[in-house]
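Notes follow once the structure below has been shown.
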Amino acid sequence: MKIAIFRNHANDPLSFAIKALMRTQYTHAALLEDEAGLGIIEAFWPVVRRRKLDPSEVSGIDFFEVAGLTPEKTQAVVAFCDAAIAAHERYSIANLFRFLAPARAVLGEATDAGNGTNPVFCSQFVFDAITHGGGVPLFSKGVNSGEVDPGHLAWSPVLVPAPLDARVLGAGISNQ
């Protein structure tokens, strides 16, 4: 399992706003569950879902391994994701706007129990799946998943850049 952090996210009408709001090159985050089949798990409107990446998307994504994510912990992450999908965990646009202080003053802080049942945005879901589901903290204590946008997710000290295997991608497709 790897974390996929998107520089380009096809057909996402919020991409421009996310990049502008967060002041980062990244616009989306997901979990790469099946590297050979390019299968991901992502929080995307309207609910958490599984889908396959189109090979044309790969060049706009940076991939990272999670230091300390053992096979057993990976299974726990997948179980966390399966539970979120079964519960139809919703995507939260409101949580994105909470990054703006005026919106946060009106809406309040993002609330998330980290258990796959509260509405989340993409990087918040990845944070919860790895930290709460897999038991591998992405940041030091005191960081709330609602504070971690896709760009800041890439700052995690436990993420290690890990390009996809060229054999998986096929000839002529690069991801770095």
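Rule-based calculations on the coordinates, nothing more; no lab input. Nothing here was measured: the structure is a model prediction, and the numbers come from that model. Note that we place each Cβ from the backbone using ideal geometry, even for glycine, and neighbour counts take in every protein chain shown.
Worth pointing out:
- Phi-based couplings in Hz for region 83-89 (Karplus 6.51, -1.76, 1.60; Gly and Pro marked x): 5, 5, 5, 5, 7, 6, 3
- Ordering VAL126, VAL47, VAL66 by the number of other Cβ atoms within 10 Å of each residue's own Cβ, fewest first, gives VAL47, VAL66, VAL126.
- Neighbour counts of C-beta atoms inside 10 Å place ASP82, ASP54 in the sequence ASP54, ASP82, starting with the fewest.
- Close amide H contacts of HIS28 (hydrogens built in the peptide plane, cut-off under 5 Å, sequence separation of 5 or more or a different chain): PHE6.
- Compared with the direct C-alpha span, the chain from HIS88 to TRP155 gains 21.2 nm at full extension, assuming 0.36 nm per residue.
- Cβ crowding within 10 Å ranks SER156, SER123, SER56 as SER56, SER156, SER123, fewest other Cβ atoms first.
- Amide H partners (placed H, <5 Å) of VAL47, local residues excluded: TYR91
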